[in-house]
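Asks: My questions all concern the structure below.
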Amino acid sequence: MKDFRSLIRSITYFFSSLIALIVVLFIGIFLFDSNPSLFIKSEISSEAWQPKDVDAELASGFMPSDVKYGYQLIAESSKYMGPQAQDPGMRYAGNNLACINCHLKAGTQPGSASWVGVTERFPQFRGRSNSEGTIEDRINGCMQRSMDGEKLPTESREMKSIVAYMKWLGEDLPEEREKEFKGFPKINIPDIAVNLEKGKALFIKECAVCHGEDGQGQRLADSTKGYQYPPLWGPDSYNNGAGMHRVITAAQFIKGNMPFGQATWDNPKLSDEEAYHLAGYINSFERPQKSNLEKDYPDLKLKPVSTPYGPWADTFSSTQHKYGPFPPIMEYYQQEYGLTKNK
């Protein structure tokens with residue numbers, strides 16, 4: 001009898017385990033069909049690796065909740081953390097731009113200061129503060145300058161979600177592909193000053209169709225979400241402390257990305273000189289003024305030569321610092337301080 005009961009228990013245990021295994025297999029098959037990436041960690045070659053298709057990831061419904069919120073913040077900045085936010089306490093951005101108005105394709109486009117892999121480059125030394133800065137510091141630099149607003153609290157849900165989104169974009173990025181997504185393309189800086197008339201003609205020809213002849217851009221149908229094409233000057237644009245207000249930086253961005261949809265880092269439409277004159281023209285107009293700019297770059301020797309506001313560690317005029325020519329200023333820093341400057 002004892003042997004019989006043991007046999008029954010063994011059979012019961014066997015069938016219970018079999019049923020449990022079948023249930024697990026069915027659940028696994030269902031999840032695999034819904035999202036195979038949960039199970040397959042494929043070894044993608046460096047050449048085959050591609051940035052995430054953010055729209056497809058959103059549509060799948062499997063984007064992590066913090067990453068999704070980070071995306072909403074950077075894609076509809078004015079609605080979630082700017083002037084259109086329902087909660088006045090959430091109005092950190094001072095203009096109606098969205099982060100993705102400059103960091104194109106939701107931060108994945110090479111040549112537009114892409115966020116792919118960016119979190120792995122921090123902490124890093126920042127000349128503007130003359131100190132090591134975190135990724136949170138870098139984000140808040142944009143909040144205060146490009147977004148003409150205030151800092152996000154470092155420990156806030158918003159800051160953590162934006163960082164989570166940036167980390168997510170860089171998942172599995174091959175080391176040898178990191179440089180591809182870093183910064184802007186370089187340009188050969190002309191040894192002449194900006195010609196505003198040439199810049200104006202280029203703007204009318206290449207830019208006005210999207211940004212308007214008055215440079216004020218085009219709002220989205222749902223205006224709470226900001227701009228389809230952002231304003232390039234005026235009260236709702238980046239302020240005079242933003243990196244884009246420097247002619248060389250703006251020219252690099254323009255060459256690699258504009259006209260929108262027609263140019264890429266590898267296949268620009270405009271020449272270096274055209275991008276240069278165009279950048280100077282755009283930055284010749286009035287825009288919001290950031291306070292306390294004199295505190296930027298405690299070590300003035302580290303200030304980019306095209307920074308249009310003083311003080312500087314040289315005697316070149318404010319006009320030359322804004323519009324060039326810049327090579328003479330660069331040569332001065334090389335001879336005087338042994339510093340090689342490229343912006």
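Asks: Scale the Cα Rg of the chain by the rule-of-thumb value 2.2 N^0.38 Å and send over the ratio, two decimals.
Replies: Values: Rg = 25.7 Å, N = 343, 2.2 N^0.38 = 20.2 Å.
In units of the globular-protein estimate, the chain measures up at 1.27.
Asks: With angles folded into 0 to 90 degrees, how steeply does helix 157-169 sit against the dominant principal axis of the chain? Use alpha carbons for both and round to 10.
Replies: Approximately 80 degrees, to the nearest ten.
Asks: Taking the range 150-190, which GluC sites (Glu not before Pro) meet the DSSP loop condition and have no more than 11 other C-beta atoms within 10 Å? Numbers along the way, then the final one.
Replies: On the way: sites: E150, E155, E158, E171, E175, E176, E178, E180; in loops: E150, E155, E171.
When the GluC sites (Glu not before Pro) of the range 150-190 are filtered for loop state and at most 11 Cβ neighbours within 10 Å, E155, E171 remain.
Asks: Also: Using alpha carbons only, how many degrees (0 to 90, rounded to 10) separate the axis of helix 247-257 from the longest principal axis of the chain?
Replies: 50
Asks: Only helical DSSP H runs with n ≥ 4 go in: add -39500 (n - 2.57) per run for the chain, normalise by residue count and round the 222 nm mean residue ellipticity to 500 deg cm²/dmol. Working shown, then result.
Replies: Numbers: 13 runs with 133 residues, N = 343.
Calculated mean residue ellipticity at 222 nm is -11500 deg cm²/dmol.
Asks: Identify, among N188, Q334, T134, the residue whose Cα sits farthest towards the positive end of the charge dipole of the chain, taking +1 on the Cβ of Lys and Arg and -1 on the Cβ of Asp and Glu, with the dipole about the Cα centre.
Replies: Toward the positive end, the furthest listed residue is T134.
Asks: With no solvent and one point per C-alpha, what does the Debye sum give as log10 I(q)/I(0) for the range 54-181 at q = 0.11, 0.14, 0.17 Å⁻¹?
Replies: Per q value, in the given order, log10 I(q)/I(0) is -0.37, -0.60, -0.90.
Asks: Given +1 on the Cβ of Lys and Arg, -1 on the Cβ of Asp and Glu, and no further charges, what dipole in debye does the chain carry about its Cα centre, rounded to the nearest 20?
Replies: Numbers: 38 positive and 42 negative charges, 115 e Å.
The calculation lands at about 560 debye.
Asks: Still on this structure, I have one more. Full extension from Q124 to D191: what is 0.36 nm times the residue separation minus their Cα-Cα distance, to one decimal in nm? Display every interim value, and only then the final one.
Replies: Details: separation 67, 0.36 × 67 = 24.12 nm, distance 3.11 nm.
Extra length from Q124 to D191 when fully extended: 21.0 nm.
Asks: How tilted is helix 65-75 with respect to the longest principal axis of the chain? Cα atoms for both, answer in degrees (0 to 90, nearest 10).
Replies: Compared with the principal axis, the helix lies near 20 degrees.
Asks: Taking N as the number of residues in the range 134-291, what value does Rg over Cα atoms divided by 2.2 N^0.38 Å take? The partial results should precede the final answer.
Replies: Values: Rg = 16.9 Å, N = 158, 2.2 N^0.38 = 15.1 Å.
Expressed relative to 2.2 N^0.38 Å, the Cα Rg reads 1.12.
Asks: Where does each of F122, F285 land when they are ranked from fewest to most other beta-carbon atoms within 10 angstrom? Mind dumping the intermediate values first?
Replies: Numbers: F122 17, F285 13.
Placing the least packed residue first, the sequence is F285, F122.
Asks: Roughly how many whole Å is it from the C-alpha centroid of the range 282-301 to that of the range 307-343?
Replies: So the separation of the two Cα centres works out to 15 Å.
Asks: What is the fewest-to-most order of S306, S318 by other Cβ atoms lying within 10 Å of their Cβ? Walk me through the numbers before you get to the answer.
Replies: Values: S306 28, S318 12.
Going from sparsest to densest Cβ surroundings: S318, S306.
The numbers here are math on the coordinates, done by the rules we state, and not lab data. Since the structure is predicted, the reported quantities are computational estimates derived from the model, not experimental observations. Ideal geometry is used to build each Cβ from the backbone, glycine not excepted, and the neighbour counts take in all protein chains shown.
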